[in-house]
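The values are calculated or read from the model by the stated rules, or taken from the named source; none is laboratory data. These numbers were taken from a predicted model, which means no experiment stands behind them. Because the Cβ atoms are built from the backbone with ideal geometry, glycine has one as well, and the counts that use them run over all protein chains shown.
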Amino acid sequence: MKLLEIAELLEGELDGPPEATIHSVASLKEAQEGDLSFYASPRYLADLRTTKATVVLVPENFHQEAPSALIRVENPSAAFDRLISLLVPPREPLLRGIDPTAILSPGVTLGEHVALGPYVVIEEGVYIGSHTVIGAHTFIGAGTRLGEECLLYPRVTIRERSILGNRVILQPGVVIGSCGFGYFSNEEGHQKIPQVGIVEIEDDVEIGANTTIDRARFGKTLIGRGTKIDNLVQIAHNVTIGEKNIICAQVGISGSTRTGIGVTLAGQVGLSGHIDIGDRAVIGAQSGLSKNVPAGAIVIGSPAKSIDQWKKNNFYIHQLGKLFDRVKLLEKKDSSPR
């Protein structure tokens, strides 16, 4: 496409030759002549100044020199994604129809245009909404309900009586409804506590590969509408995740913890059980929480503390070497002959 065509398509301001063309897209660091890239954060300014891209999407208020042509737009990242969606042809459906190797028990109800891949197993009493696609080797337990337009990639396991809303996406290896980790310990050992609740996942949730969500001991483990969960996350029994949460990889959430609306849990965060995380709170990477977090708070560290306190503590820690040298010098002076 010509740069002028791209600028008009994105409703941006072109600073460069309108007839120049692009053939592909790439990151600032990897781009070559004929590529389009985008710049959305000052941390990538050095990459922008050395990029070989033909054109770069930049914010409207960006007025520094760059080696490439520029198209100024309101949101470069969003504009880049929009351009990609317009240029890339729609993906063909993952599956069509019902594979002859799929196994459906009596009493299964399928909506219109449901697609089932090879060796899918669906137990009795399951309901699957219209336009839902279920990948190969997926298991769906008895009495489970799936909404419309769900997408289950291969080797998903959903145990009995789970409830999924509309447009839920489960990546490969997701396990929904496994038993919660509950035991009663005595002199004879560890006796398993029955886990008789369910898992409910509301509309527009996406869950990453090899993430596990345990069924409740009683009642339900709940994942709120619009929440996005990364790969390799563990969510324990009776947890309630609020709407529109972002939960990054390797997070572990203990039983009966509750999060509010719009909470962000960064990578490798660990939450102990029976705590509440307020709306729009942000928990920094590798934090460990054992207490409630108020709405809007930003905390980090283990044990977690406010980000301002964490920064101050880190500053002090990095001064310990200098402080040690000063103390040794003072001790040496104090012990010298007078």
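The single residue among His113, His137 that is farther than 23 Å from Leu222 by Cα, in contact with a Lys or Arg (Cβ under 6 Å, 6 or more places away or on another chain), in the same structural domain as Arg215 (by TED's automatic domain parsing) and of a type outside the set (S, T, N, Q) turns out to be His137. When Asp214 is tested against (1) modelled with pLDDT of 95 or more; (2) over 23 Å from Thr264 (Cα atoms), just one condition goes unmet, and that condition is (2).
For region 227-243, check the following and say yes or no: at least one residue is modelled with pLDDT of 95 or more, part of a loop (DSSP other than H, G, I, E, B), in the same structural domain as Asp204 (by TED's automatic domain parsing) and surrounded by fewer than 17 Cβ atoms within 10 Å (Cβ to Cβ). Checked against the condition, which is being modelled with pLDDT of 95 or more, part of a loop (DSSP other than H, G, I, E, B), in the same structural domain as Asp204 (by TED's automatic domain parsing) and surrounded by fewer than 17 Cβ atoms within 10 Å (Cβ to Cβ), region 227-243 yields at least one hit.
Among the residues of region 81-90, is there at least one that is over 30 Å from Arg145 (Cβ atoms) and crowded, with 18+ Cβ neighbours inside 10 Å? Within region 81-90, one or more residues are over 30 Å from Arg145 (Cβ atoms) and crowded, with 18+ Cβ neighbours inside 10 Å. All of (1) of a type outside the set (A, V, I, L, M); (2) over 28 Å from Gln171 (Cα atoms); (3) assigned by TED's automatic domain parsing to the domain that holds Glu123 hold for Gly107 with one exception: (2).
One line per residue, one yes/no per condition, for (1) of a type in the set (Ser, Thr, Tyr); (2) assigned to a loop (DSSP other than H, G, I, E, B); (3) within 12 Å of Ser256 (Cβ to Cβ):
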residue	(1), (2), (3)
Asp204	no, yes, no
Asn210	no, yes, no
Arg217	no, yes, yes
Thr221	yes, no, yes
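Checking each residue in region 185-226 for being surrounded by 21 or more Cβ atoms within 10 Å (Cβ to Cβ) and of a type in the set (Phe, Trp, Tyr) picks out no residue at all.
Within region 23-35, restricting attention to residues that are touching a helix residue (DSSP H, G or I) at 6+ places or on another chain (Cβ under 7 Å) and either crowded, with 20+ Cβ neighbours inside 10 Å or among the hydrophobic types (A, V, I, L, M, F, W, C) (or both), the residue that is farthest from Leu87 (Cα to Cα) is Leu28. Checking each residue in region 120-148 for being acidic (Asp, Glu) and either crowded, with 19+ Cβ neighbours inside 10 Å or over 23 Å from the mean Cα position of the chain (by Cα) (or both) picks out Glu123, Glu124. Within this structure, Gly147 passes the test of being touching a Gly at 6+ places or on another chain (Cβ under 6 Å), touching a residue at least 12 places away in the same chain (Cβ under 8 Å) and more than 28 Å from Ile275 (Cα to Cα). Taking region 152-188 as the range and being touching a Gly at 6+ places or on another chain (Cβ under 9 Å) and of a type in the set (S, T, N, Q) as the test, the residues that pass are Thr157, Ser162, Asn166, Gln171. All conditions but one from (1) touching a residue at least 24 places away in the same chain (Cβ under 8 Å); (2) in contact with a Ser or Thr (Cβ under 6 Å, 6 or more places away or on another chain); (3) over 21 Å from Leu152 (Cα atoms) apply to His274; the one that does not is (1).
Only one entry in Ile300, Ile277, Ile261 is in contact with a Phe, Trp or Tyr (Cβ under 6 Å, 6 or more places away or on another chain) and either crowded, with 16+ Cβ neighbours inside 10 Å or aromatic (Phe, Trp, Tyr) (or both), namely Ile300.
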